[in-house]
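Asks: After the structure tokens below, expect a handful of questions from me.
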Amino acid sequence: QVHLQESGPGLVKPSQTLSLTCTVSGGSITTAYYYWSWIRQSPGEGLEWMGAITYRGSTYYSPALKSRASISRDTSKNQFTLQLTSVTPEDTGVYYCARDGGMWLYDYWGQGTQVTVSS
């Protein structure tokens with residue numbers, strides 16, 4: 001019933017800011033007690049949890065990305081957004097948004113969107 005879809009640019013230049021939006025349908029991002037997460041995968045790497053925003057609007061980030069990542073939301077549009085500053089080619093990968101139903105259990109995922117950082 002719940003559907004998530006990522007959107008944003010597929011190509012970003014080094015040093016610029018990546019901005020991705022996840023649009024949620026079939027459920028509200030303000031419904032207790034879900035977390036709304038951003039996860040990415042680089043070639044040859046596993047899934048990397050980047051951060052999340054809770055149903056209350058609180059945010060949490062991976063220590064590795066805390067200095068560069070920011071997650072926000074627009075409850076009127078039922079969307080949440082990832083911004084990643086100062087990107088490098090190492091940020092290239094497939095980015096997913098997902099709902100955390102609790103205890104790091106992701107019950108719904110977007111299809112993922114490819115992001116390439118290149119000049």
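Asks: Considering the zone a paramagnetic label at Tyr106 would reach in this model (a point 7 Å from Cα along the Cα-to-Cβ line), which residues of segment 23-40 have amide N under 18 Å from it?
Replies: 23-25, 29, 34-40
Asks: With every protein chain kept in place and ligands, DNA and RNA left out, what is the accessible area per residue of the chain? Probe 1.4 Å, answer in Å². Please list the in-between numbers first.
Replies: Values: 6390 Å² over 119 residues.
Computed with neighbouring chains in place, this is 54 Å² per residue.
Asks: Additional query: Per-residue HN-Hα couplings for segment 9-23, Karplus 6.51 cos²θ - 1.76 cosθ + 1.60 at θ = phi - 60°, whole Hz, x for Gly and Pro?
Replies: Ordered by residue, 3J(HN,Hα) equals x, x, 10, 9, 7, x, 6, 7, 9, 8, 10, 10, 10, 10, 9 Hz.
Asks: Could you check how much of the accessible area of the chain is carbon and sulfur, as a whole percent, using a 1.4 Å probe? Before the final figure, lay out the partial values.
Replies: Details: 3080 of 6390 Å².
Roughly 48 percent of what the probe reaches on the chain is carbon or sulfur.
Asks: Tell me which of Asn78, Thr88, Ser67 sits at the most positive position along the dipole axis of segment 27-105, charges placed on C-beta atoms (Lys, Arg +1; Asp, Glu -1).
Replies: My answer, from the dipole projection, is Asn78.
Asks: In addition: Just to confirm a number: summing +1 for Lys and Arg and -1 for Asp and Glu over residues other than Val87 whose beta-carbon lies under 9 angstrom from that of Val87, what do you get? Show your work: numbers first, answer last.
Replies: Working: positive: Lys13, Arg68; negative: Glu90, Asp91.
My count for the surroundings of Val87 gives 0.
Asks: If you don't mind, there's one more thing I want to ask. Could you pull the Rg and Dmax for segment 37-83, using just the Cα atoms, both in Å?
Replies: So, for segment 37-83, Rg and Dmax equal 11.5, 38 Å respectively.
Asks: Take Thr75, project a point 7 Å from its Cα along the Cβ direction, then tell me which residues of segment 1-27 have their backbone nitrogen under 16 Å from it.
Replies: Answer for this model: 24, 27.
Asks: Still on this model: Can you give the FRET efficiency to the nearest 0.05 for Gln114 and Ser25, using r as the Cβ-Cβ distance and R₀ = 25 Å?
Replies: Numbers: r = 22 Å, r/R0 = 0.88.
Approximately 0.70, to the nearest 0.05.
Asks: Per the Kirkwood formula on distinct C-alpha pairs, the Rh of segment 12-70 is how many angstrom? If you can, show how the numbers build up before the last one.
Replies: On the way: mean 1/r = 0.0761 Å⁻¹.
The answer is 13.1 Å.
Asks: How compact is segment 1-109 by the rule of thumb for globular proteins, expressed as Cα Rg over 2.2 N^0.38 Å?
Replies: On the way: Rg = 13.2 Å, N = 109, 2.2 N^0.38 = 13.1 Å.
That ratio works out to 1.01.
Asks: List the chymotrypsin sites (Phe, Trp or Tyr not before Pro) within segment 87-119 that DSSP assigns to loop and that have no more than 12 neighbouring Cβ atoms inside 10 Å.
Replies: Trp104
The values are calculated or read from the model by the stated rules, or taken from the named source; none is laboratory data. All of these numbers come straight from a predicted model, not from anything done at the bench. Quick reminder, even Gly has a Cβ in these numbers, built from the backbone with ideal geometry, and neighbours come from all protein chains shown. The area values use the complete protein model at the heavy-atom level, side chains included, leaving out ligands, DNA and RNA. Shrake-Rupley method; radii C 1.70, N 1.55, O 1.52, S 1.80 Å.
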